[in-house]
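To start, the structure itself, in structure tokens.
The values are calculated or read from the model by the stated rules, or taken from the named source; none is laboratory data. Computed from a prediction, not measured in an experiment: that's the story for all the values here. For neighbour counting, all protein chains shown are included, and Cβ atoms are generated from backbone atoms with ideal geometry for every residue, glycine included. Just so you know, the surface numbers come from the protein's heavy atoms only, side chains and all, with ligands and any DNA or RNA stripped out. Shrake-Rupley method; radii C 1.70, N 1.55, O 1.52, S 1.80 Å.
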Amino acid sequence: MRRLLILLVATLVAACGKAPLQEQQAYVFGTRVEVVVVGENPDLGRQAIAAVLREFDRMHRTYHAWQPSELTAVNEAIAAGRKATVTPEMAAFMGEAQALSAQGDHLFDPGIGALIKLWGFHADEFVARLPEPQALADWLKEKPSIADLVIDGTTVSSRKRALALDFGGYLKGVALDRAAAILRSQGINNALINIGGNVMALGSKEGRKWRVGIQHPRQPGPLATVQLDDGEAIGTSGDYQRYFELDGRRYSHLIDPRTATPVDHTQAVTVLIPAGPKAGTLSDAASKPIFIAGPEHWRAMADQMGTPLVLRVAADGRISVTAALDRRLEYLGDRANIRVVP
């Protein structure tokens, strides 16, 4: 699976006199996750990483969109026209997702779970098959949205039974923020967390900033690298991770709710989010509406989402990058195909 590359190849084995690195990987949220900790106390590092991975596993099981979970139970209640009682955590997630979706004109919408299922992306392996046109037409006629969700404390209901929640485009970012809080609470101040291309840096690697690579969507290896300050997060939405191909055309999981079809005008969008209490969440949620907005509107959507550091790869491979992010990047290869925009 292509993803943001953590450039640690030469440093994972600690040299004499340097603080050791503790690293562990797992597979949750439908992707590979990595947690790397730098510290003088290896036992403390391993314990902190274990605590993070336990929390990731809990969130994965709680909010799974198609295997039995607390979230699927809510979707079943909505489909039956019933109210559901949820945990305070889930109610808070729902409210936050509603606000983020509205900020992006609902191009990122965690309420389109039924549409994602129609396209076959509620599965670990995808079948190259198109949905029935009538099924897509029926969905568009109803067009359920997370805006239809009614939250009253910990009681939720929906104005439309066709609403189905899927937090797949949001939860990895939430998990980054949760991981950072866990690590810091256990005395870990220098770490790197990677959840399938959403990365957050804590502190530094022995006084040097963490450096990560931005994956090229059609070539092996990164197209650029960037150094992250303490608490910064970077996230990429791309058509190269979850997709199938049919008759020479690629269909990715990034679906435009306005047309009920996968986006075909963009290969990838990367955003860099400054340090803040929700940096991880925004690294996941903000890239989606920018990706879907398209060639005419992606830059305005970036401003609307409050994310001025953006790189976009168009369907033809041309790269656009905002001036604010361009100043931070080190490019690998020819810059002739890169356009800098204000």
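On the given criteria, is K160 within 23 Å of V38 (Cα to Cα), over 13 Å from the mean Cα position of the chain (by Cα) and open to solvent by 10 Å² or more (accessible area, probe 1.4 Å)? Spell out the reasoning first.
On the way: within 23 Å of V38 (Cα to Cα): no; over 13 Å from the mean Cα position of the chain (by Cα): yes; open to solvent by 10 Å² or more (accessible area, probe 1.4 Å): yes.
No, not satisfied.
Within the range 102-115, can you find the residues that are farther than 17 Å from K160 by Cα and open to solvent by less than 60 Å² (accessible area, probe 1.4 Å)?
Restricting attention to the range 102-115, the residues satisfying the condition of being farther than 17 Å from K160 by Cα are 102-105, 107-108.
A102, G104, L107, F108, listed by residue number.
With the structure loaded, tell me whether S237 is without any contact (Cβ under 8 Å) to a residue 24 or more places away in the chain and among the small types (G, A, S) or whether it fails that test.
When the stated conditions are applied, S237 does not pass them.
Would you mind telling me which numbered condition in (1) closer than 30 Å to Y251 by Cα; (2) touching a helix residue (DSSP H, G or I) at 6+ places or on another chain (Cβ under 6 Å); (3) assigned to a helix (DSSP H, G or I) E96 fails?
In the conditions (1) closer than 30 Å to Y251 by Cα; (2) touching a helix residue (DSSP H, G or I) at 6+ places or on another chain (Cβ under 6 Å); (3) assigned to a helix (DSSP H, G or I), E96 misses (2) alone.
Within the range 47-66, identify whether any single residue is among the small types (G, A, S), under 18 Å from the mean Cα position of the chain (by Cα), within 24 Å of Q241 (Cα to Cα) and modelled with pLDDT of 95 or more, and answer yes or no. Give the derivation first.
Residues of the range 47-66 that are among the small types (G, A, S), as a first pass: 48, 50-51, 65.
Checking the rest, the ones that are also under 18 Å from the mean Cα position of the chain (by Cα) come to 65.
Okay, now just the ones that are also within 24 Å of Q241 (Cα to Cα), so 65.
Filter once more, so that each one left must be modelled with pLDDT of 95 or more: 65.
Scanning the range 47-66 turns up at least one residue that is among the small types (G, A, S), under 18 Å from the mean Cα position of the chain (by Cα), within 24 Å of Q241 (Cα to Cα) and modelled with pLDDT of 95 or more.
Using the structure shown, decide if A128 is closer than 25 Å to Q241 by Cβ and out of contact with any Pro (no Cβ under 6 Å at 6 or more places or on another chain).
Numbers: closer than 25 Å to Q241 by Cβ: yes; out of contact with any Pro (no Cβ under 6 Å at 6 or more places or on another chain): yes.
Taking the combined requirement at face value, the residue satisfies it.
Which numbered condition in (1) surrounded by fewer than 18 Cβ atoms within 10 Å (Cβ to Cβ); (2) closer than 25 Å to Y251 by Cβ; (3) at pLDDT 95 or above is the only one that D124 fails?
Every condition holds for D124 apart from (3).
Which one of these is acidic (D, E), more than 20 Å from the chain's Cα centre (by Cα) and open to solvent by less than 30 Å² (accessible area, probe 1.4 Å): D148, D152? Talk me through it step by step, then tell me what you get.
Details: D152 fails: open to solvent by less than 30 Å² (accessible area, probe 1.4 Å).
When all the criteria are applied, what remains is D148.
Starting from the range 19-48, keep only residues that are without any contact (Cβ under 8 Å) to a residue 24 or more places away in the chain and within 29 Å of S237 (Cβ to Cβ), then list their pairs with residues that are part of a loop (DSSP other than H, G, I, E, B) and of a type in the set (F, W, Y) whose Cβ atoms are within a distance under 8 Å, requiring at least 6 positions of separation or different chains.
none
Go through (1) part of a helix (DSSP H, G or I); (2) open to solvent by less than 30 Å² (accessible area, probe 1.4 Å); (3) touching a residue at least 60 places away in the same chain (Cβ under 8 Å) one by one and return the number of the condition T72 breaks.
Status for T72: all satisfied but (3).
Is it the case that the range 39-57 has a residue that's crowded, with 21+ Cβ neighbours inside 10 Å and either of a type in the set (D, E) or touching a Lys or Arg at 6+ places or on another chain (Cβ under 7 Å) (or both)?
Looking through the range 39-57, none of the residues is crowded, with 21+ Cβ neighbours inside 10 Å and either of a type in the set (D, E) or touching a Lys or Arg at 6+ places or on another chain (Cβ under 7 Å) (or both).
Do you know which residues across the range 328-342 are at pLDDT 95 or above and over 12 Å from A224 (Cβ atoms)? Let's see the steps before the verdict.
As a first pass, look at the range 328-342 and keep what is at pLDDT 95 or above: 328-331, 338-342.
Answer for the range 328-342, where residues must be at pLDDT 95 or above and over 12 Å from A224 (Cβ atoms): R339, V340, V341, P342.
Between a first residue in the range 89-101 that is open to solvent by 20 Å² or more (accessible area, probe 1.4 Å) and a second residue that is of a type in the set (A, V, I, L, M, F, W, C) and not in a helix (DSSP H, G or I), which pairs have beta carbons less than 6 Å apart while being 6 or more apart in sequence or on different chains?
Cβ pairs passing all conditions: G95/I151.
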